[in-house]
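K.L.:
Below you will find the structure I want to go over with you.
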Amino acid sequence: MTTADGMPPTPPVPPAHAGPPAHGTPPGGDGTATPTPGAPAGTPAARVAGLTKTYGTGDARVVALDDVTLELYAGEFTAVMGPSGSGKSTLMHCCAALDRADQGQVFIGEQDLTRLKDKDLTQLRRDRIGFVFQAFNLVPTLTAEENITLPLALAGRKPDQEWRDTVISAVALADRLDHKPNELSGGQQQRVAVARARVSRPQIVFADEPTGNLDSHSGAEVLQLLRRSVDDFGQTVVMVTHDPVAAAYTDRVVFLADGQVVDEVRRPTREVVLDVMTRMTAPVAVND
Ligand code: ADP
Ligand code: MG
């Protein structure tokens, strides 16, 4: 078995100052420019328009998303950053059809999610969206391999054997595929969760702080797995992170504050991301 498509068991951790080892071809040049219209990667895999979501009423009312309009480009790795409570998870959940907004639209490809009935939304979520949670959320009674292929089993779909093998080999867990989650490290569990998110060949994969529970080495392995899914397979990935080093693996960082998009950086480096974060949090106290 070749490991050409797989992840090396001990990939080098990029030096903290150097950012990610390998970017895909940037669509819009460097700097902070918005993508060039008509550029190859300028097709949105998903987009939201005027998205607003509030929680609670009266004094307890919180505006989690405040008229957000954003395109998430196909074949790109996008990071979403912002202070705690800025609406990152709410945005992910609305985009991934795990939650509904109050106003505005969410498109996956050409499909407007806000027009779908619950049943169709469930099917779309299963067939066209992958989701990676911070806490892995594997099924404890299933093996690693069974967890990876669970979405196919639930959909009653016969697995495309070649794709299934490709996704599984990328996890670089050949000798642990018959282990249960509690017999795997956090990093191994999260790599299984990434494979589970990819196995149905979704149009887009969302990941909400996928490295939040991991040490930096395990986190780097997960980030490289996500990066390769973009570079080698054209997967579209959108990831929430607090970590400027993690953000430096991506093609583009979108910054949220108080439920609004406030900034964007292309070809991010750790330094540039840190700089924006510092500017964003300078006027007020950091709240976590
Ligand atoms: P982030 O992921 O950036 O930390 P969230 O999207 O989780 O932010 O939350 C945005 C805002 O919405 C926060 O003020 C949070 O307290 C509030 N919020 C999120 N989920 C709920 C909920 N289920 N009920 C009430 N308020 C919520
Ligand atoms: Mg969150």
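The values are calculated or read from the model by the stated rules, or taken from the named source; none is laboratory data. All of these numbers come straight from a predicted model, not from anything done at the bench. FYI the Cβ positions are ideal-geometry reconstructions off the backbone, even for glycines, and counts take in every protein chain you see.
K.L.:
Which residues, counting only those in the range 147-164, are under 20 Å from residue 225 (Cα atoms) and within 22 Å of the chain's Cα centre (by Cα)?
P.N.:
147, 148, 149, 150, 151, 163, 164
K.L.:
Can you find a residue that is modelled with pLDDT under 95 and closer than 30 Å to residue 110 by Cβ anywhere in the range 168-183?
P.N.:
Yes, that holds for at least one residue.
K.L.:
Starting from residues that are buried (at least 22 other Cβ atoms within 10 Å of the Cβ) and within 16 Å of ligand 1 (Cβ to nearest atom), keep the ones in the range 195-215 and report whichever is farthest from the chain's Cα centre (by Cα).
P.N.:
The extreme case among them is 211.
K.L.:
So the check is Cβ under 8 Å with 6+ separation or different chains; which pairs have a first residue in the range 251-271 that's away from ligand 1 (no atom under 12 Å from the Cβ) and a second one that's aromatic (Phe, Trp, Tyr)?
P.N.:
251/77; 252/73; 252/77; 261/255; 262/255; 263/255; 264/255; 265/255
K.L.:
When you scan the range 230-241, do you find a residue that is within 16 Å of ligand 1 (Cβ to nearest atom), farther than 22 Å from residue 272 by Cα and not small (Gly, Ala, Ser), even just one?
P.N.:
no
K.L.:
Could you please let me know if residue 70 is surrounded by fewer than 22 Cβ atoms within 10 Å (Cβ to Cβ), closer than 19 Å to residue 204 by Cα and in contact (Cβ under 8 Å) with a residue 40 or more places away in the chain? Lay out the reasoning, then the answer.
P.N.:
Details: surrounded by fewer than 22 Cβ atoms within 10 Å (Cβ to Cβ): yes; closer than 19 Å to residue 204 by Cα: yes; in contact (Cβ under 8 Å) with a residue 40 or more places away in the chain: yes.
Yes, satisfied.
K.L.:
State all residues of the range 119-134 that are over 14 Å from the mean Cα position of the chain (by Cα) and among the aliphatic types (A, V, I, L, M); if no residue qualifies, say none.
P.N.:
121, 124
K.L.:
Oh, and also: Tell me which of these residue 148 doesn't satisfy, since it passes every other one: (1) modelled with pLDDT of 95 or more; (2) more than 23 Å from residue 45 (Cβ to Cβ); (3) buried (at least 16 other Cβ atoms within 10 Å of the Cβ).
P.N.:
Evaluating residue 148 over (1) modelled with pLDDT of 95 or more; (2) more than 23 Å from residue 45 (Cβ to Cβ); (3) buried (at least 16 other Cβ atoms within 10 Å of the Cβ) leaves (2) as the failure.
K.L.:
Hey, another quick one. Going by what's in this entry, would residue 52 be described as free of Cβ contacts under 8 Å to residues at least 40 places away in the same chain and either of a type in the set (S, T, N, Q) or within 16 Å of ligand 2 (Cβ to nearest atom) (or both)? I'd like the intermediate steps shown before the answer.
P.N.:
Details: free of Cβ contacts under 8 Å to residues at least 40 places away in the same chain: no; either of a type in the set (S, T, N, Q) or within 16 Å of ligand 2 (Cβ to nearest atom) (or both): yes.
No: the conditions fail for residue 52.
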